[in-house]
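These notes concern the structure reproduced below.
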Amino acid sequence: MYAYKHAYCETHIGNSDSWDSDWGNSSGPFQGGDTNEASSILNKGNSYEVQFFNGTGQDWAGGHICLSRDEAYASDLSNDDFHNDNDDDRGEANDAISSHRWVNPDSNNCDRWAT
Ligand SMILES: [Ca+2]
């Protein structure tokens, strides 16, 4: 998966074929200022979906949004909300992703898909 600071995959923040439970700590593929920065995301994986979270930690709880397999992408997260945000304001997923993991497509972990 790939994450970018701006819409339409401009200004690469980072990429990972693994998971990272905190994009703001000092370990893993995403660190420090990478948290709450992503405005577009891409999944080039063929086998697994990517679940992105508003929060951090290996409980993988709280709001999430997903990308499906085979080059699914969200070109502008200002159109997207986390799954537990059902108000009328769109765009809360923008500059708000703080962790990610890969999930099996059969796991039913994803309740909302980025567009
Ligand atoms: Ca990290």
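The values are calculated or read from the model by the stated rules, or taken from the named source; none is laboratory data. All of these numbers come straight from a predicted model, not from anything done at the bench. Methodologically, a virtual Cβ is constructed for each residue, glycine included, from the backbone with ideal geometry; neighbour enumeration extends over all protein chains shown.
Would you check if there is a residue in the stretch 6-19 being farther than 16 Å from residue 114 by Cβ, surrounded by fewer than 20 Cβ atoms within 10 Å (Cβ to Cβ) and in contact with a helix residue (DSSP H, G or I) (Cβ under 9 Å, 6 or more places away or on another chain)? Yes: one or more hits. In the set 70, 59, 34, only one residue is in contact with a strand residue (DSSP E or B) (Cβ under 9 Å, 6 or more places away or on another chain) and at pLDDT 95 or above; that residue is 34.
Please indicate, with yes or no, whether at least one residue in the stretch 60-74 is without any contact (Cβ under 8 Å) to a residue 12 or more places away in the chain and either touching a Phe, Trp or Tyr at 6+ places or on another chain (Cβ under 7 Å) or exposed (fewer than 15 other Cβ atoms within 10 Å of the Cβ) (or both). Looking for residues that are without any contact (Cβ under 8 Å) to a residue 12 or more places away in the chain and either touching a Phe, Trp or Tyr at 6+ places or on another chain (Cβ under 7 Å) or exposed (fewer than 15 other Cβ atoms within 10 Å of the Cβ) (or both), one finds at least one in the stretch 60-74, hence yes.
From the list 70, 20, which one is acidic (Asp, Glu) and in contact with a Ser or Thr (Cβ under 7 Å, 6 or more places away or on another chain)? Step through it out loud before you land on a result.
On the way: 70 fails: in contact with a Ser or Thr (Cβ under 7 Å, 6 or more places away or on another chain).
Result: 20 is the single residue among 70, 20 that is acidic (Asp, Glu) and in contact with a Ser or Thr (Cβ under 7 Å, 6 or more places away or on another chain).
Identify, please: which residue in the stretch 28-59 is among the β-branched types (Val, Ile, Thr) and either within 13 Å of the ligand (Cβ to nearest atom) or without any contact (Cβ under 8 Å) to a residue 60 or more places away in the chain (or both) and is, among those, nearest to residue 92 (Cα to Cα)? Steps first, please.
Taking the stretch 28-59 and keeping what is among the β-branched types (Val, Ile, Thr), we get 35, 41, 50, 56.
Remaining after also requiring either within 13 Å of the ligand (Cβ to nearest atom) or without any contact (Cβ under 8 Å) to a residue 60 or more places away in the chain (or both): 35, 50, 56.
On the way: 35: 14, 50: 18, 56: 16 Å.
The selected residue is 35.
Within the stretch 41-50, is there a residue that is surrounded by fewer than 17 Cβ atoms within 10 Å (Cβ to Cβ) and of a type in the set (Asp, Glu)? Scanning the stretch 41-50, I find no residue that is surrounded by fewer than 17 Cβ atoms within 10 Å (Cβ to Cβ) and of a type in the set (Asp, Glu), so the answer is no. If the condition is being surrounded by 15 or more Cβ atoms within 10 Å (Cβ to Cβ) and out of contact with any Ser or Thr (no Cβ under 8 Å at 6 or more places or on another chain), then the stretch 75-92 contributes 81, 82, 83, 85, 92.
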